[in-house]
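Each value in this text was obtained by applying a stated rule to the coordinates, not by laboratory testing. If you're wondering where the values come from, they're calculated on a predicted model, not measured in any experiment. Positions of Cβ are generated from backbone atoms using ideal geometry, with glycine treated the same way; all protein chains shown enter the neighbour counts.
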Amino acid sequence: MSMSEKDAMMTTMVVKPGWRPPGYKYRTLKEFYPFYLGEHSNRTCRRLHFIGTTLAIVLLSASVVFKMWWLIPVALVQGYAWAWVGHFFFEHN
């Protein structure tokens, strides 16, 4: 591969907003937020996050009010399951 082909490849790379190399440690929310937005740019993914978070809050609240402690792990699974589906099938990250 000639140097000009390599340069052309490098100039056409698309990087998501806020991208940092693996293992990079964000120091501030301002620095992290563009990356977060880039990882949650798909509307369906955001809606699935909302559903999962809402269900988790409702189930956690119900577990305390009704002393049904077995609902706590169910709430955690619900919260993560909806988000995972959103990222895996819609956001692809």
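Points worth noting:
- Between Phe50 and Lys25, the C-beta separation translates, for a Förster distance of 25 Å, into a calculated FRET efficiency of about 0.35.
- FRET efficiency, 1/(1 + (r/R0)^6) with R0 22 Å, evaluated for Ala81 and Tyr36 via beta carbons: 0.65
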